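K.L.:
I'd like to ask you about the structure that follows.
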Amino acid sequence: MGFYDRAYARRDDPFKGRVVVWIIGITIAAYIVQGFLLGRGSVDLARTFGVVPRLLVGRGWVWQIVTHALLHEPQAIQHLAFNMIFLYWLGSDVAEIYGARRFLFLYTAGAVACAVTYAATGYASGVTDVPAIGASGAIMAVAVVAAHLFPTRTVLFMWVLPLPLWMLITLYVGLDVYYPLAGLRPWLGSAGHLGGALFGLLFYRLHLDLPGFEPVLRSLRALIQRTPSSADVDRILDKISRQGIGDLTERERSVLRRAGRAKE
């Protein structure tokens with residue numbers, strides 16, 4: 001069987017040629033919103049939608065594991081530009097091979113792996129209140145897959161030095177390991193990139209797809225969303241007996257739902 005005869009390589013997905021463009025468009029739109037809201041109002045977008053370990057784990061702000069990839073530093077447009085150019089350059093061909101659904105899974109799960117690794121490293125190092133934003137971790141997942149699919153493709157490192165793609169991506173990953181080991185930056189600065197890169201490697205080597213990865217997602221959700229204490233549940237049940245279920249807040253309803261899932 002030839003490579004393009006395989007199910008995941010067939011060119012019969014009309015959306016796969018546009019999925020990368022859609023991701024880039026949504027990310028740029030989020031950047032514009034960031035710029036518009038900068039200095040306006042009281043909402044801190046980086047703390048609300050970026051990865052803040054204390055909020056992600058302590059308060060269960062689970063949306064942060066994905067939304068951080070939509071945000072970039074408003075005052076450093078080169079961060080956004082580099083990420084989106086890299087995503088378009090590598091992601092278009094990866095999406096052409098795997099199709100839109102599997103590419104979205106790769107990109108989104110790469111962002112999740114980035115967030116989880118960052119949060120774990122934050123707790124390990126005692127730094128749990130520093131937000132992380134950017135699509136770099138998700139793009140590292142895509143880059144690692146691209147390096148396996150097109151290892152000999154020639155690219156210009158720093159726009160000057162020609163290197164095969166596998167060597168360029170290995171260099172980037174290697175620097176993320178070297179800098180903390182050399183004391184040039186903390187592990188927290190490399191954790192997200194390395195988490196995304198590791199997921200990309202697993203995605204390619206193990207042929208991961210969403211159905212087969214569902215147990216991992218359930219485990220992740222269980223870790224982040226702590227089981228409510230019996231005291232919390234008793235307090236809410238007492239409120240129901242006094243005032244009725246209609247007076248419960250959304251947070252109290254969420255506590256009851258999590259308590260019910262924990263008993264299943």
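No value in this document is a laboratory result; all are computed from the given coordinates. Since the structure is predicted, the reported quantities are computational estimates derived from the model, not experimental observations. Using ideal geometry, Cβ is built from the backbone for each residue, glycine included, and neighbour counts are taken over all protein chains shown.
K.L.:
Quick check: residue separation of residue 185 and residue 129 times 0.36 nm, minus the Cα distance between them. What number comes out in nm? Numbers along the way, then the final one.
P.N.:
Details: separation 56, 0.36 × 56 = 20.16 nm, distance 1.75 nm.
Additional length available on full extension: 18.4 nm.
K.L.:
For region 43-99, what is the relative contact order in percent, using Cα pairs closer than 8 Å and at least 6 residues apart in sequence? Walk me through the numbers before you get to the answer.
P.N.:
On the way: 26 pairs, mean separation 14.2, N = 57.
In percent, rounded to a whole number, it is 25.
K.L.:
On to the next question. Subtracting the Cα-Cα distance from 0.36 nm times the residue separation, let me have the gained length for residue 153 to residue 21 in nm, one decimal. Walk me through the numbers before you get to the answer.
P.N.:
Numbers: separation 132, 0.36 × 132 = 47.52 nm, distance 2.19 nm.
Gain on extension, residue 153 to residue 21, equals 45.3 nm.
K.L.:
Return the long-range amide H neighbours of residue 132 (sequence gap of 5 or more, or a different chain), with a cut-off of under 5 Å between placed amide H atoms.
P.N.:
The answer is 51, 52.
K.L.:
Quote to one decimal, in nm, the extra length available between residue 120 and residue 171 on full extension: 0.36 nm per residue of separation minus the C-alpha distance between them. Each step should come with its number before you reach the end.
P.N.:
Numbers: separation 51, 0.36 × 51 = 18.36 nm, distance 2.42 nm.
This chain segment gains 15.9 nm when fully extended.
K.L.:
Once you place label points 7 Å from the Cα toward the Cβ at residue 249 and residue 232, how far apart are they in nm?
P.N.:
Taking the two extended label points, one gets 1.3 nm.
K.L.:
Sticking with this one: Which order do peptides 103-115, 63-75, 229-241, 170-182 fall in by mean Cβ count within 10 Å, highest first?
P.N.:
Those peptides, ordered most packed to least, come out 103-115, 63-75, 170-182, 229-241.
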